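The block underneath contains the structure these notes are about, expressed in structure tokens.
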Amino acid sequence: KTVCVTGASGYIASWLVKFLLQRGYTVKASVRDLNDPKKVGHLLALDGARERLHLFKANLLEDGSFDTAIDGCDGVFHTASPFYTAVTDPQAELIDPALKGTLNVLGACAKSSSVKRIILTSSVAAVAHNGKPRTPDVVIDETWWSLPDLCKEMKLWYVLSKTLAEDAAWKFVTEKGIDMVAINPAMVIGPLLQPTLNSSAALILNLINGAETFPNATFGWVDVKDVANAHILAFENPLASGRYCLVEKVAHFSEIVKILHKLYPSMKLPEKCADDKPFVPEYQVSKEKAKTLGLEFTPIEQSIKETVESLKEKNFVGSSAAL
Ligand code: NDP
């Protein structure tokens, strides 16, 4: 079978491409710059790449740039979307590529008669920000939707970009009668295949790279290999439908620091919180639906260890790399 992966150089997509090649798929993979070794070198080095990986150049903001590559594919994994928080123009840098880009990719799918299912990489960001209180007894699940107005009010531009993109995607596929499944991971950690630093792995790097304080924030965390696998399980299982939240554990940064300390007792780690407010409370995210895919979650301790080892191996630790 032939599938398309958009944004293939990215952190999650690189693992997805690796696993798809391992499973025998032919993969058409979009990148923005075919000549940048940092974006394509690690993909071309994957097992099976020489025989079954076909890179093509496409940009989310260029109408029609995915059409030719998507035509002929059985499935499309749409992962490409900018993920940074330090933006100066949220509309141009985040919202347009997320929203218009998603409709551009889905438009290509609609034009082709070969595409049987689309897997959309959404996020818990599109799920959890609805203003309801989040406390340890609250269980977030796939029925929750983030509220665009609230995102705007709180200037959560990345969250807004993912919410608008997923919402528009469901409206589009419903109207066109296209089969789509959304994957909604929380903060993704675990080893990096790509040589560049991505935003979620950077959160761990910041903790081990000499920071004095840890952020007063609580996130759900999930392993990158589990996220990539969930995409494939959702594509291959005819019964998969709707959205799938992926969270191994919800933890405040103070908990992440504790785990790091247990794993690396002599490592210099931040000892105090960045502010003196009460810690942002933890909450729960339901694993029930994700489990129906047959997914087993890697324990957070292992994901953190593999993240650190990977960041060390790629020489990020001790460098001034920060996002
Ligand atoms: P990366 O930053 O590693 O990957 C993002 C990818 O999107 C890159 O390949 C990037 O291309 C591509 N991209 C960005 N803008 C454009 C554009 N205008 N045209 C074409 N491609 C573009 O991030 P992740 O792997 O973490 O994210 C992948 C997906 O997963 C995103 O949809 C993100 O929202 C989602 N996600 C990520 C989570 C996380 O914690 N990491 C959590 C939940 C969801 P290039 O390499 O050229 O920059």
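The values are calculated or read from the model by the stated rules, or taken from the named source; none is laboratory data. Here the structure is a predicted model, which means the values were calculated and not measured. Because the Cβ atoms are built from the backbone with ideal geometry, glycine has one as well, and the counts that use them run over all protein chains shown. For accessibility, only protein heavy atoms count, side chains too; no ligands or nucleic acids. Shrake-Rupley method; radii C 1.70, N 1.55, O 1.52, S 1.80 Å.
Remarks
- Of all residues in region 105-126, those that are under 20 Å from ALA228 (Cβ atoms) have Cβ atoms under 6 Å from Cβ atoms of residues that are within 14 Å of the ligand (Cβ to nearest atom) and among the polar types (S, T, N, Q), 6 or more apart or on another chain, in VAL105/THR6; THR121/THR79; SER122/ASN184; SER123/ASN184; VAL124/ASN184; ALA126/SER146; ALA126/THR163.
- Qualifying residue in region 146-164 (condition: under 24 Å from ALA290 (Cα atoms), surrounded by fewer than 19 Cβ atoms within 10 Å (Cβ to Cβ) and free of Cβ contacts under 8 Å to residues at least 24 places away in the same chain): yes
Conditions (1) under 24 Å from LEU16 (Cα atoms); (2) within 14 Å of the chain's Cα centre (by Cα); (3) within 14 Å of the ligand (Cβ to nearest atom), marked per residue:
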| position | (1), (2), (3) |
| --- | --- |
| TRP144 | no, no, no |
| LEU156 | no, no, yes |
| ALA165 | yes, yes, yes |
| ILE178 | yes, no, no |
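- Any hit, region 126-139, residues being within 10 Å of the ligand (Cβ to nearest atom) and of a type in the set (Gly, Ala, Ser): yes
- Unmet requirement for LEU233, which otherwise passes all of (1) outside any strand (DSSP E or B); (2) within 16 Å of the ligand (Cβ to nearest atom): (2)
- Any hit, region 231-240, residues being in contact with an Asp or Glu (Cβ under 7 Å, 6 or more places away or on another chain), touching a residue at least 24 places away in the same chain (Cβ under 8 Å) and among the β-branched types (Val, Ile, Thr): no
- Being exposed (fewer than 12 other Cβ atoms within 10 Å of the Cβ), of a type in the set (Gly, Ala, Ser) and at pLDDT 95 or above is a description that does not apply to GLY48.
- Checklist (1) touching a Cys at 6+ places or on another chain (Cβ under 9 Å); (2) in a helix (DSSP H, G or I) applied to LYS28, failing item: (2)
Residue-by-condition table, conditions (1) in contact with a Pro (Cβ under 9 Å, 6 or more places away or on another chain); (2) away from the ligand (no atom under 13 Å from the Cβ):
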site: PHE19; (1), (2): no, yes
site: SER30; (1), (2): no, no
site: LEU34; (1), (2): no, no
site: GLY48; (1), (2): no, yes
site: GLU51; (1), (2): no, yes
site: ASN59; (1), (2): yes, no
site: GLY72; (1), (2): no, yes
site: LYS116; (1), (2): no, yes
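- Restricting the search to helices (runs of 4 or more DSSP H) fully inside region 52-142 and requiring at least 1 residues that are open to solvent by 30 Å² or more (accessible area, probe 1.4 Å) and modelled with pLDDT of 95 or more gives 67-70, 101-111.
- The set of residues in region 74-85 being more than 11 Å from LEU120 (Cα to Cα) and within 13 Å of the ligand (Cβ to nearest atom) consists of PRO82, PHE83, TYR84, THR85.
- Within region 270-286, tally of residues that are touching a strand residue (DSSP E or B) at 6+ places or on another chain (Cβ under 8 Å) and open to solvent by less than 80 Å² (accessible area, probe 1.4 Å): 9
- Residue selected from region 180-210 under the condition in a helix (DSSP H, G or I) and open to solvent by less than 20 Å² (accessible area, probe 1.4 Å), by the criterion nearest to the ligand (Cβ to nearest atom): SER200
- Looking across region 176-194, the residues that are on the phi < 0 side of the Ramachandran plot and among the small types (Gly, Ala, Ser) come down to ALA182, ALA186.
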